[in-house]
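Notes for the one structure printed next.
The values are calculated or read from the model by the stated rules, or taken from the named source; none is laboratory data. Keep in mind it's a predicted model, so treat the numbers as computed, not measured. For neighbour counting, all protein chains shown are included, and Cβ atoms are generated from backbone atoms with ideal geometry for every residue, glycine included.
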């Protein structure tokens, strides 16, 4: 059954000095999904995670974690959450095994070497279990952060900018790790400003800007609803300008008049009719083309447009 594991109602956070970091956030996270929270730096992503994890108190509103209020039942709520911060703190001289085992103890969980072994193996850290953290590569340190967050068997994993500052190859490795965790029943919430991370990973996407949740949508629906499409025609003869008879189509010229670009709404079911009408109109005007291509706007285009609208 797909039910909610986190429910956020009417959440506000205003810091001393009057800065409003979050404004009336309502959000439900479904059990077993990967939810990406997208937004520019300073948009409120980390504040929202910190409130849900009980690290920062809200000014108003409340949060339920697997049915537990995260203030009145803090311990029960918090033990269901694993949080992967952006940076590894000062445990450089500890071994991987000790660091991860210690994290489990912080949540009052009895030692369980079999679970720690399973976590380390799932993250390809087993061979490094006796290594000190200071000897590990950046990528391995990121994996240790995830192992620490999973040490107490949480049902929810928060990843705050999980691949900030890492190379493309490592980013793809991390994505694979996240998918495996989801396949094992962990609900994943990740914050990112890498558009391709959300596009690649998420089932649903929330866009936050200036502390407001601008939009929450299934990724596929978001891209089909907001993504415009373009038909690009390479003309035999360049156009100096667009003929008046074609002015009701959304057209632009490029490549010194050799490219005619027709932009249309990608959500329309009658795409075929629109293109057919456009090509018929071109024929009437005697405009011929050598080649044509289509292009659909990416999530990045959509995100930029959304943030622009709200600026």
Does residue 88 qualify as being modelled with pLDDT under 90 and part of a loop (DSSP other than H, G, I, E, B)?
yes
Within the range 34-65, which residues are touching a helix residue (DSSP H, G or I) at 6+ places or on another chain (Cβ under 9 Å), surrounded by fewer than 21 Cβ atoms within 10 Å (Cβ to Cβ) and modelled with pLDDT of 95 or more?
61, 64
I'd like to know if the range 42-57 contains one or more residues that are assigned to a strand (DSSP E or B) and within 17 Å of residue 158 (Cα to Cα).
no
Looking at the range 148-175, which of its residues are in a helix (DSSP H, G or I) and under 16 Å from residue 203 (Cβ atoms)?
175
Out of all the residues in the range 178-205, which are farther than 19 Å from residue 39 by Cα and either within 15 Å of the chain's Cα centre (by Cα) or not assigned by TED's automatic domain parsing to the domain that holds residue 33 (or both)?
178, 179, 182, 187
Looking at the structure I just gave you, is residue 157 assigned by TED's automatic domain parsing to the domain that holds residue 38 and within 30 Å of residue 14 (Cβ to Cβ)?
yes
Please go through the range 280-300 and give me each residue that is at pLDDT 70 or above, in a helix (DSSP H, G or I) and surrounded by fewer than 15 Cβ atoms within 10 Å (Cβ to Cβ), ordered by number.
280, 283, 284
Search result, residues across the range 99-116 that are under 28 Å from residue 191 (Cα atoms) and either assigned to a helix (DSSP H, G or I) or touching a residue at least 60 places away in the same chain (Cβ under 8 Å) (or both):
99, 100, 101, 102, 103, 104, 105, 106, 115, 116
Among 61, 108, 44, which is the only one that is in the same structural domain as residue 182 (by TED's automatic domain parsing) and farther than 20 Å from residue 216 by Cβ?
108
So which of 139, 165 is exposed (fewer than 15 other Cβ atoms within 10 Å of the Cβ) and either assigned by TED's automatic domain parsing to the domain that holds residue 197 or over 30 Å from residue 64 (Cα atoms) (or both)?
165
